[in-house]
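**Student:** Got a structure for you, written out below as structure tokens; questions coming shortly.
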Amino acid sequence: MITVSLIRFYFFLFTSTLLSGAIGYAQQQTIHTMYGKSVEPSELTEGIKTIMEQHSVPGLSIAVINNNELVYHSALGVSNIETNEPVNGESIFEAASLSKPIFAYFALKMVEQGKLDLDRPLHEYLPHPGFAPESEEDAKLITARMVLAHQTGMPNHASGKKIKLAFRPGTGFGYSGEAYQYLAAVIGMQNEVGWKEGLNDLFQKKVTEPLGMPHSTFVWDDYIAEHKVYGHDEDDGTPKHRVPSEGYWEDGVFSAYSSLHSEAKEYAQFVIAMLKKEGLKQETFEEMLKEHTHFDEDNPLRKEVGQTGWGLGFAQKRTPEMTMHMHTGNNHDFQAYVMFVPEKKYGLVVFTNCARMMQVVSGLSEILGPQF
């Protein structure tokens, strides 16, 4: 639990640093919400500071998109509550599972280039050696489409154990980072680059360079080492220096499900590409954003947060007025959130260096209208 002394420290931290913690950008302008309300940048910034103080959020990076363009970006708070080093516009966060949607975009580029077929069994490209005997035959049915829509039956993480499928592939929903990593290995093999730095180089060439995301990477590099903020323990708020040398990352490994490092302004460039439908063919975007997995009324995700299904990479929340495409990221000491609505030409990206992202999004919803 967060101790009384830590709460006092946070109070001192915010009263002494948040007033000067915002990073201003020339493109900031009046923000138009999805619900007809206009919010001035200063009002949003002050609201975010209040949310951070109320919920002891050390630092964050946030971006808002209007009319398919970035209109607001701020970096607030501190990288490390013990050193009081401020977050700034160059600060890098862990994207956690926000890795998955941008990897899905990358995978669909491979489909367009003929390196991958959405419906060809991955077993035909690369047999997976980790399935339990009773699941080996069903595992041969797994396709890239099933991976991206979380229909494989694979666990989220195998943790070194033999993989037992929870259901026959294509017949259910089961969120799986393990499946994403299998697809990453297939793509690496198909391009003869492996699944470490070579795959990241290809990803950057095909995705981050064209989209103007120069410091977003799945693999650790010198820029990340210099600019990454500290995570903060989800239980007691202790700062954590999450670097490969401390055992948090296997140096050089491309983890398709969680190892992306980025920040809100850069990740917003990917969201803008999704809104403008840039980088893929029109029909590929239609395939990516349509519903592939439908949640029945008794689905836990539908009951708890209102999500109605999943596309190829993004969760979805459909209403008669709009479809919210969304994804959360949770590496415990870092959490993140992305959401965009094509009908409204609107998007939101939030990166935090603690485990209170949902409190931030809930607070933002009081200012901007429902964001989740």
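**Student:** Scan region 248-270 and give yes if some residue there is without any contact (Cβ under 8 Å) to a residue 12 or more places away in the chain and over 26 Å from M339 (Cβ atoms), otherwise no.
**Tutor:** The answer is yes, given that some residue of region 248-270 is without any contact (Cβ under 8 Å) to a residue 12 or more places away in the chain and over 26 Å from M339 (Cβ atoms).
**Student:** Which of the residues belonging to region 257-273 are among the aromatic types (F, W, Y) and part of a helix (DSSP H, G or I)?
**Tutor:** Those that are among the aromatic types (F, W, Y) and part of a helix (DSSP H, G or I): Y267, F270.
**Student:** Looking only at region 92-119, which residues are closer than 30 Å to E43 by Cβ and either in a helix (DSSP H, G or I) or touching an Asp or Glu at 6+ places or on another chain (Cβ under 6 Å) (or both)? Quick ask: steps written out before the conclusion?
**Tutor:** Kept after step one, since they are closer than 30 Å to E43 by Cβ, are these residues of region 92-119: 92-96, 98, 101.
Of everything in region 92-119, those that are closer than 30 Å to E43 by Cβ and either in a helix (DSSP H, G or I) or touching an Asp or Glu at 6+ places or on another chain (Cβ under 6 Å) (or both) turn out to be I92, F93, A96, L98, P101.
**Student:** Based on this model, can you work out whether Q335 counts as touching a Gly at 6+ places or on another chain (Cβ under 7 Å) and either of a type in the set (D, E) or within 28 Å of S56 (Cα to Cα) (or both)?
**Tutor:** Details: touching a Gly at 6+ places or on another chain (Cβ under 7 Å): yes; either of a type in the set (D, E) or within 28 Å of S56 (Cα to Cα) (or both): yes.
When the stated conditions are applied, Q335 passes them.
**Student:** Against the conditions (1) modelled with pLDDT of 95 or more; (2) more than 25 Å from P214 (Cβ to Cβ); (3) of a type in the set (K, R), where does K303 fall short? Just the number, please.
**Tutor:** (1)
**Student:** Within region 203-235, take every residue that is farther than 17 Å from S258 by Cα and free of Cβ contacts under 8 Å to residues at least 12 places away in the same chain and give me the one that is surrounded by the most Cβ atoms within 10 Å (Cβ to Cβ).
**Tutor:** Within region 203-235, the match that is surrounded by the most Cβ atoms within 10 Å (Cβ to Cβ) is E209.
Yes/no per residue for (1) surrounded by fewer than 19 Cβ atoms within 10 Å (Cβ to Cβ); (2) of a type outside the set (V, I, T):
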position	(1), (2)
E278	yes, yes
E304	yes, yes
F314	no, yes
T323	no, no
Q335	no, yes
V341	no, no
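**Student:** Among the residues of region 183-202, which ones are touching a residue at least 60 places away in the same chain (Cβ under 8 Å) and open to solvent by less than 10 Å² (accessible area, probe 1.4 Å)?
**Tutor:** Going through region 183-202, the residues touching a residue at least 60 places away in the same chain (Cβ under 8 Å) turn out to be 183-184, 186-191.
Those that are touching a residue at least 60 places away in the same chain (Cβ under 8 Å) and open to solvent by less than 10 Å² (accessible area, probe 1.4 Å): L183, A184, V186, I187, G188.
**Student:** When residues of region 218-248 are filtered for being over 29 Å from H55 (Cα atoms) and either of a type in the set (V, I, T) or in contact with a Cys (Cβ under 8 Å, 6 or more places away or on another chain) (or both), how many remain?
**Tutor:** Residues in region 218-248 being over 29 Å from H55 (Cα atoms) and either of a type in the set (V, I, T) or in contact with a Cys (Cβ under 8 Å, 6 or more places away or on another chain) (or both): 1 in total.
**Student:** Any residue in region 153-164 that is more than 27 Å from L199 (Cα to Cα) and surrounded by fewer than 19 Cβ atoms within 10 Å (Cβ to Cβ)?
**Tutor:** Yes, there is a match, as at least one residue in region 153-164 is more than 27 Å from L199 (Cα to Cα) and surrounded by fewer than 19 Cβ atoms within 10 Å (Cβ to Cβ).
Residues checked against (1) of a type outside the set (D, E, K, R); (2) in a strand (DSSP E or B); (3) under 17 Å from V271 (Cα atoms); (4) in contact with a His (Cβ under 7 Å, 6 or more places away or on another chain):
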| site | (1), (2), (3), (4) |
| --- | --- |
| E43 | no, no, no, no |
| Q54 | yes, no, no, no |
| V57 | yes, no, no, no |
| L60 | yes, yes, no, no |
| V71 | yes, yes, yes, no |
| A75 | yes, yes, no, no |
| S79 | yes, yes, no, no |
| E90 | no, no, no, yes |
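**Student:** Further question on the same structure: For region 16-41, give me each residue that is surrounded by 12 or more Cβ atoms within 10 Å (Cβ to Cβ), farther than 20 Å from E266 by Cα and at pLDDT 90 or above.
**Tutor:** Within region 16-41, T30, H32, T33, M34, V39, E40 qualify.
Yes or no, residue by residue, for (1) in contact (Cβ under 8 Å) with a residue 40 or more places away in the chain; (2) over 10 Å from P169 (Cβ atoms):
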{"position": "K109", "(1), (2)": "yes, yes"}
{"position": "R120", "(1), (2)": "no, yes"}
{"position": "F131", "(1), (2)": "no, yes"}
{"position": "S135", "(1), (2)": "no, no"}
{"position": "Q151", "(1), (2)": "yes, no"}
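**Student:** Where residues in region 240-265 are among the aliphatic types (A, V, I, L, M) and surrounded by 16 or more Cβ atoms within 10 Å (Cβ to Cβ), which of them is nearest to N353 (Cα to Cα)? Before the answer, list the steps.
**Tutor:** Just the residues of region 240-265 that are among the aliphatic types (A, V, I, L, M), to begin with: 243, 253, 256, 260, 264.
Narrowing further to those that are surrounded by 16 or more Cβ atoms within 10 Å (Cβ to Cβ): 253, 256, 260, 264.
Values: V253: 22, A256: 20, L260: 14, A264: 12 Å.
Top of the filtered list is A264.
**Student:** Could you please tell me which pairs satisfy a Cβ distance under 8 Å, a separation of 6+ or placement on different chains, a first residue in region 36-51 that is within 17 Å of V350 (Cα to Cα), and a second residue that is loosely packed, with under 15 Cβ neighbours inside 10 Å and not hydrophobic (A, V, I, L, M, F, W, C)?
**Tutor:** From residues that are within 17 Å of V350 (Cα to Cα), the pairs are P41/Q29; P41/T30; G47/E366.
**Student:** Further, regarding this structure: Restricting to helices (runs of 4 or more DSSP H) lying wholly in region 274-372: which have 1 or more residues that are under 20 Å from E263 (Cβ atoms) and in contact with a helix residue (DSSP H, G or I) (Cβ under 7 Å, 6 or more places away or on another chain)?
**Tutor:** Result: 357-368.
The values are calculated or read from the model by the stated rules, or taken from the named source; none is laboratory data. Here the structure is a predicted model, which means the values were calculated and not measured. With ideal geometry, Cβ positions are generated from the backbone for all residues, glycine too; neighbour counts draw on all protein chains shown. Please note that ligands, DNA and RNA were not included when accessible areas were found on the heavy atoms of the full protein model with its side chains. Shrake-Rupley method; radii C 1.70, N 1.55, O 1.52, S 1.80 Å.
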